[in-house]
Amino acid sequence: MHFPTQTVHQFEAKLSEAIELYQQRIQWLTENSKKAFGLIKGARVGILIDVAAVSNDPQKEEFQNDLMNLIDEQLSHKEKLYILSFGATTSALWPNPTEVSTSSLQELKLWVKKLKPDRGSNLLQALKKVFVLKGLNSLVTIMGSCPDQPSEILSDYIQQSTTGRDLITHIITYKCDDQVPPAVLKNLVEAFGGYYHCYSPETEVSSWANTLPPPPIPACFQGCAWGIWARMILCVYWLPFSPTQWVYSSKIRLKRV
């Protein structure tokens, strides 16, 4: 594989630029409410909250504070909101999606402060409540435990209910990655087909793959093996490294011409 010296330097510069862009983006995505809940997309948002996340006093207070930050930093900029909590049963703050205003946000904050834990996690019932609503273009499900229903049943229902609908979906696990089996998460994420965010401060595990921009690859490498490797390295490895070091570590031989 032979590339001119100028082409190699161009590749190194573009690769360094892309890595810096990704590092800045990741840093931004780990700040404030985005760290706990990710970046909420859509203007008319429905939010389903598993009250298992408020199961004990220390976590309850932290979860409520995180929700308050979410309201102030992200939800306050939306057009409409629909909020529903679920455990063994469901409880909606409003009967229909409500316009975002100072009064509605204050009402939402008071509602959050009154959240109480409940046994069970009837996600299917919560989904049935929200899918009959019209006007939402985004659905956020915040899970605090493993759903009561098998993931296969939930997946089938979600796929049937979202077919033909322009709905952005988010699934968020809040400090419950040790309670939700990986197979359940996999099925739910595939069924939602949208964004997945896992908040686990103990292990600092989060997934932002769908919120990152595609890495810019120089035109001279488009379609070639080096370009494919460059895209893979940008999408997988986030730690800072020298482009030249990566080339050498990948055992790619360059010949200056």
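The values are calculated or read from the model by the stated rules, or taken from the named source; none is laboratory data. Remember, it's a predicted structure, so these values are computed and weren't measured experimentally. Cβ coordinates were reconstructed from backbone atoms using ideal geometry, including for glycine residues, and neighbour counts include every protein chain displayed.
Miscellaneous remarks
- Scanning the range 84-100 for residues that are in contact with a helix residue (DSSP H, G or I) (Cβ under 6 Å, 6 or more places away or on another chain) and among the β-branched types (Val, Ile, Thr), we see that the one that is farthest from ASP148 (Cα to Cα) is THR98.
- When LYS109 is tested against (1) part of a helix (DSSP H, G or I); (2) surrounded by 19 or more Cβ atoms within 10 Å (Cβ to Cβ); (3) in contact (Cβ under 8 Å) with a residue 40 or more places away in the chain, exactly one condition is not met: (2).
- Selected residue (criterion: modelled with the lowest pLDDT) from residues of the range 175-198 that are closer than 22 Å to ARG44 by Cα and not in a helix (DSSP H, G or I): GLY193
For every residue, the table says whether it meets (1) within 18 Å of ILE49 (Cβ to Cβ); (2) modelled with pLDDT of 95 or more.
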{"position": "LEU93", "(1), (2)": "yes, yes"}
{"position": "SER103", "(1), (2)": "no, yes"}
{"position": "GLY120", "(1), (2)": "yes, no"}
{"position": "GLN125", "(1), (2)": "yes, yes"}
{"position": "VAL130", "(1), (2)": "yes, yes"}
{"position": "GLU152", "(1), (2)": "no, no"}
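- Of all residues in the range 1-32, those being part of a helix (DSSP H, G or I), at pLDDT below 80 and not basic (Lys, Arg) number 7.
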